[in-house]
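Worksheet: the structure to be examined is printed underneath.
Only the coordinates and a few stated rules stand behind these numbers; no lab work does. All of these numbers come straight from a predicted model, not from anything done at the bench. For neighbour counting, all protein chains shown are included, and Cβ atoms are generated from backbone atoms with ideal geometry for every residue, glycine included.
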Amino acid sequence: PRVVFSGIQPTGIPHLGNYLGALLNWVRLQQDAGPKDELIFSIVGWHALTLPQDPRELSRSRRDALAVLLSIGIDPKRSTLFHQDENPHHTELAWLFNCITPVGKLRRMTTWKSRLAVSRNANDESEVDESMLNAGLLTYPVLQAADILVYKATHVPVGEDQKQHLELARDIADTFNRTFKGKSRLFPLPEFVATPTRRVLSLKDPTSKMSKSAPDVQSRILLTDTAAQIKSKIRGAVTDSISGITYDPVSRPGAANLLTILAACTNEEPTEVAKRYANKGHGDLKADVVDAVENLLRKPRAEFERLRSEDAYLSEVAREGASKARARSEVTMQEIRKRVGLV
Ligand code: AQP
């Protein structure tokens, strides 16, 4: 049987990239799961703290993330849905993993390198200085490994941007298995589960991914955006001035991104969709993307609006989810503590 684990940061309302790149897969895996498969989905509050967060906003985002996951169809009776920060086993295991992970490996993570690149730009090309960055930014991939392995997860549906971190998790699992040998290897090596839509790009800068933390709110479509907001954001998406539509992610990333989004909505390949627009303009493509995205988001948005005022229900789901998660990970932690000698 499979153990599926994935997480999302409570850093704002999830966007179309989160949805098409990861969350839609969570729902599909839940639908297709066999009776013995386990599904564990987490809102990873501790990861959000690697960047400065306003406490009141973080608290709201945490709750909103839960409501969004329920509104897209995660069923708390079938899946374990919980707040990571309500299960201390994640940080306990992260500490043990920190003690077997070379710093050099963490410095090679592209997420860390891009943080250094950002500080370099902010500093006007002056020397890159690690002292500007907190240690959490360097070590959070280790916490991610703990998030996954504390449930001995076998399958991890995440966006392509997370692939390198998953490789690290496999590496850490393997190091632990070899360092602390028992009768059998303790951790499975978790597998990446790809979605058909690997990467949704920013509507304003189609060379970077759509992101919750990008300053320009027009660059992303939130799962709770109204029809009017969806229309204005897609109409304003950056494309190019070449006539006719082709799928060319390298030289026409803006148009390719719109084709990717439309293809995800219609369950097709972007190249197939492109053929229909070969003799049409960006305006025609955008009009159809507006309709397709609105159709996709209409139901979850209405469900979110209904759920967001259901305080008692949301608290109850979170409480039950955390309790199930803790009971589940305690079993793994007992084995781990025994192997390392902390008994
Ligand atoms: N643009 C994207 N395209 C495809 N998948 C994406 N994911 C994120 N952005 C895209 C996937 O969504 C899941 C949850 O992401 P997350 O919130 O945990 O972290 P993130 O990758 O850091 O996402 P954001 O939106 O960019 O958040 P901020 O700006 O707060 O860092 C993951 O599986 C991710 O791969």
| message | Straight-line reach only, C-alpha to C-alpha below 14 angstrom: list the aspartates and glutamates that residue 299 could link to, leaving out same-chain residues fewer than 8 apart. | response | 225, 291
| message | Please list, in order along segment 92-100, the HN-Hα scalar couplings obtained from phi with the Karplus expression 6.51 cos²θ - 1.76 cosθ + 1.60 (θ = phi - 60°), rounded to whole Hz, x for Gly and Pro. | response | 4, 5, 4, 4, 4, 5, 4, 7, 10
| Straight-distance crosslink candidates among lysines, where the alpha carbon sits under 17 Å from residue 181 and sequence neighbours closer than 8 are dropped | 152, 338
| message | From the phi angles alone, apply the Karplus equation (6.51, -1.76, 1.60; θ = phi - 60°) to segment 167-183 and give each ³J(HN,Hα) in whole Hz, x where the residue is Gly or Pro. | response | 4, 4, 4, 5, 4, 5, 4, 5, 4, 4, 4, 7, 6, 10, 6, x, 5
| task | Would you list, by chain and number, the aspartates and glutamates whose Cα falls below 17 Å from the Cα of residue 183, excluding same-chain residues fewer than 8 positions away? | result | 174, 335
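If packing is taken as the average number of other Cβ atoms within 10 Å across a peptide's residues, how do 89-102, 13-26 rank, most packed first?
13-26, 89-102
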| remark: Here FRET efficiency (C-beta to C-beta, residue 268 to residue 32, R₀ 25 Å, nearest 0.05) is 0.80
| note | With the charge dipole of segment 120-273 built from beta-carbon charges (+1 for Lys and Arg, -1 for Asp and Glu) about the Cα centre, the Cα from 214, 143, 229 projecting farthest to the positive end belongs to 143
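For n ≥ 4 DSSP H runs only, could you compute -39500 (n - 2.57) per run for the chain, divide by its residues and tell me the 222 nm figure to the nearest 500?
On the way: 13 runs with 176 residues, N = 343.
When only DSSP H runs of four or more count, the value is -16500 deg cm²/dmol.
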| query | At what distance in angstrom do the alpha carbon centres of segment 130-157 and segment 20-67 lie from each other? | reply | 15
| query | Length gain on complete extension for the stretch residue 330 to residue 315, per 0.36 nm per residue less the alpha carbon to alpha carbon distance? | reply | 3.2 nm
| said: Can you compute the label reach from residue 59? Point 7 Å from Cα along the Cβ direction, backbone N cut-off under 17 Å, restricted to segment 28-51. | reply: 45-46, 49
| task | Any chance you could give the angle, 0 to 90 degrees and rounded to 10, that helix 110-122 forms with the longest Cα principal axis of the chain? | result | 60
| remark: For the chain, the longest principal axis of the Cα atoms and the Cα long axis of helix 253-266 enclose an angle in degrees, to the nearest 10, of 80
| said: Suppose R0 equals 51 Å. What FRET efficiency, 1/(1 + (r/R0)^6) with r the Cβ-Cβ distance, do residue 243 and residue 111 give to the nearest 0.05? | reply: 0.85
| remark: For the table 36/105; 231/280; 209/275, the rows whose alpha-carbon distance is greater than 29 Å are 36/105
